[in-house]
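Reading through the structure tokens given below for one structure.
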Amino acid sequence: MESCRTAGIFQSGQLGISEDIIKSADSGFSWISTYFSNSKDAFAEISAKELSNLILSHFNWDYRQISFLYIYTLFSKQQSGNFGSIRDTARAISCFYSASLQSQCGYDNEETAEIKTSAVSYLLSEKKEWGRLDDIYNAAYALSALADAGIFQEEICLDLCESDRPEWQHPGTTALILTALQKQKNLGLFSEEADFMLFEFISDKTDWLISSREKEHWKYTATSCLVLNALVLCNRKAEAVKSLPWLLASQNKNGSWENDLNTTALSLLTL
């Protein structure tokens, strides 16, 4: 399928290297296609996490017919209103409520609307669990997903800013927290005082992320992609662009990143 080549955080035309990005993406999607062709059990074994990144990466690069297949595979994994865990349910919700998917994908109908509603209801029913912030990953993914669904969570966002535990001081963890807070902030529902509190927290943490970068990246490819997307979301795109040469150069000759399905999908989504 012909691709519109408009995906990702890097506006390739402005950088003058669009051919490099397109070549990288074509190679990556080719590797994914081969991955599924060579494994009879790939669809049975694939996780909600992998599916969510595959859906968004394929859709954003305009491979929509393929993304439909992944969407319905993800739908089929829902049981009792959830996708196996708080984290994976949140990932699925964020995928379903992507603005571009909602308006252009054409998968919305009564059945799929019920799946999305059930997933959001499950996440809200588990709020006492993830809202304690004992598992920051559950909390971050849940806050992001609810923001994508248009559901405001002021108290937990402010608790997160005030807690700021030392064990959260890791690039990937910080990136997820920033993504969650910025998405909630973008709903525009915080009071002026609370909004400024989030602004200061986000500014401080994005500065720390940038200062922790080593040789254009943050140790692991998946972590680096999470950070890059968080920086763009938090209006630090110029800093994120500095890591583009590294991301392109780190791709394997076979088209994958680290010969891993999720890392490759996440890298393509970032491009």
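Where a number appears in this text, it was derived from the coordinates with a stated rule and is not lab data. All values derive from a computational prediction rather than experimental measurement. As a convention, Cβ positions derive from the backbone with ideal geometry for all residues, glycine included, and neighbour counts pool all protein chains shown.
Partner lysines whose Cα lies under 29 Å from the Cα of Lys127, excluding those fewer than 8 positions away in the same chain, are identified as Lys49, Lys77, Lys116, Lys183, Lys185, Lys205.
Applying both filters, DSSP loop and at most 14 other Cβ atoms within 10 Å, to the chymotrypsin sites (Phe, Trp or Tyr not before Pro) of segment 168-231 gives Tyr220. Taking the number of Cβ atoms within 10 Å of each Cβ as an exposure proxy, the fewest-first ranking of Val227, Val232 is Val232, Val227.
When Glu192, Glu155, Glu258 are arranged by Cβ crowding within 10 Å, least crowded first, meaning fewest neighbours, the order is Glu192, Glu155, Glu258. For segment 207-271 versus segment 133-171, the inter-centroid distance based on Cα atoms is 22 Å. In a DSSP loop and with at most 16 other Cβ atoms within 10 Å, the trypsin sites (Lys or Arg not before Pro) in segment 127-164 are Arg132.
Helix-derived [θ] at 222 nm for the chain: sum -39500 (n - 2.57) over DSSP H runs of at least 4, divide by residue count, nearest 500?
Details: 16 runs with 176 residues, N = 271.
Taking each H run of at least 4 residues, the total per residue is -19500 deg cm²/dmol.
Remark: segment 16-78 carries a charge dipole of roughly 240 debye about the Cα centre, counting +1 on each Lys and Arg Cβ and -1 on each Asp and Glu Cβ.
Only Cα pairs under 8 Å and at least 6 apart count here; give the relative contact order of the chain as a rounded whole percent. The partial results should precede the final answer.
Values: 307 pairs, mean separation 71.5, N = 271.
Result for the chain is 26 percent.
For Leu69 and Asp20, what is the calculated FRET efficiency with R₀ set at 35 Å and r taken between the beta-carbons, to the nearest 0.05? About 0.80, to the nearest 0.05. In the chain, the alpha-carbon atoms span a convex hull of 129 Å³ per residue. A straight Cα-to-Cα reach below 17 Å connects Lys253 with the aspartates and glutamates Glu19, Asp20, Asp26, residues fewer than 8 places away in its own chain not being considered. Taking the Cα centre of segment 68-189 as origin and assigning +1 to Lys and Arg Cβ atoms and -1 to Asp and Glu Cβ atoms, the resulting dipole is close to 200 debye.
Determine, from the Cβ-Cβ distance of Phe196 and Leu248 and an R0 of 51 Å, the FRET efficiency 1/(1 + (r/R0)^6), rounded to the nearest 0.05. Mind showing how you got there, number by number?
On the way: r = 38 Å, r/R0 = 0.74.
For R0 = 51 Å, the calculated efficiency reads 0.85.
In the chain, taking the dipole from charged Cβ atoms about the Cα centre, the farthest positive-side position among Leu269, Thr174, Ser212 is held by Leu269.
Remark: spin-label model distance Glu129-Gln169 equals 3.1 nm, labels positioned 7 Å along the Cα→Cβ axis.
Between Ser30 and Ala113, the contour length at 0.36 nm per residue exceeds the Cα-Cα span by 26.7 nm.
For the chain, a crude dipole built from +1 on the beta carbon of Lys and Arg and -1 on the beta carbon of Asp and Glu, taken about the Cα centre, is about 680 debye to the nearest 20.
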